[in-house]
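Bear in mind these aren't lab numbers, they're just calculated from the coordinates by the rules spelled out. What you see is a predicted model, and the numbers here were worked out from it, not measured in a lab. Glycine gets a Cβ as well: all are built from the backbone with ideal geometry, and neighbour counts include every protein chain shown.
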Amino acid sequence: MTDMTIRPRAVRLLEYLEAVRSLREQPVRDVVEYQDRRWWAGDIPAHPSCVLTATGDEPWLMVPKAAIPPAPPVPAEVAAHLRTGVTDPEREPAFAADLDDQFADDPREADRLRELLRGYVEGPWRAWVPQARVALRARKLYEDLYDLRLRLQRESALIELVWGHGILSWTVDGTRVVHPLVTTQVQLSFDPATGRLPAGTPAGPGRGGRLAPRAGCPRGDPPRPGRTPDRCWSAPDPIGSNDRGRREGQPHH
């Protein structure tokens, strides 16, 4: 046989195997059905360390390890009686329940300490909370992407990371479809010099997109041996925080 004869037969065989595989699988019609991680654009923290780039030759997403701003110093006389610390932005500092018992002989001192704590919480601590929250979200995104990068290295034949462009949302015969119209496979790398995690397509921004032929983990080119993902992550774009709210509410859920 010549190469011109073998190649078409091989392509037809692979297309047949892909068709058989498609019949055995239930297509994913809603992104919430994907079993693994997914991020909406509104999930990307509004932190200086998280950089989204829509155009140009830079990676689409750049995430370094965000620094967590330290909590403002608490007065020493207050800190000695705190039941909780001051470094958790989700947990307001509070005194131990037995504060009044500790100052049974001097209730005015207990009241003075309460005023000091109130001034600290309502002043510098509450001003610090939004900064700490967004930095912690950015740090969590970095850790999730770093773990994902390691998993992609281990299971590259089974999973892939894709970026979704545009969202199709409609109902067909009573079935809700919410899925990116076009997806682009992206590469998640690590820059040891800066510690940053850039996410972008090897083909370059704006290239390499593929039209989703069906609502599932779409693959635009013929299947390749050893490269048949059964799961995918998607970071649909463009969707902002308001769009995410509509996506998670009615009637788009």
* To do: In Å and from the alpha-carbon atoms only, list the Rg and Dmax of the range 17-172.
  => 24.5, 83
* Structure fact -> Here the residues of the range 79-94 lying in the modelled label zone of Gln102, meaning backbone nitrogen under 20 Å from a point 7 Å along Cα-to-Cβ, are 79-88, 91-94
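Can you tell me the equivalent ellipsoid semi-axes for the range 87-130? Use √(5λ) from the Cα gyration tensor, largest first, whole Å. Let's see the in-between values first.
Values: eigenvalues 118, 27, 4 Å².
Its equivalent ellipsoid spans semi-axes of 24, 12, 4 Å.
Quick one: grab the alpha carbon gyration tensor of the range 99-169, order the square roots of its eigenvalues as a ≥ b ≥ c, and give me rounded if a/c is under 1.5, else prolate or oblate depending on whether a/b is larger than b/c.
Working: a/c = 5.26, a/b = 3.10, b/c = 1.70.
Judged from the Cα gyration tensor, the range 99-169 comes out prolate (a/c at least 1.5, a/b above b/c).
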* To do: With just the Cα atoms of the range 12-103, tell me how far they stretch along each of the three principal axes, in Å, largest first.
  => 84, 37, 18
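Counting only Cα atoms, I'd like the Rg/Rh figure for the range 51-98, Kirkwood definition for Rh. Mind showing how you got there, number by number?
On the way: Rg = 19.2 Å, Rh = 14.2 Å.
Computed over Cα atoms, the ratio is 1.35.
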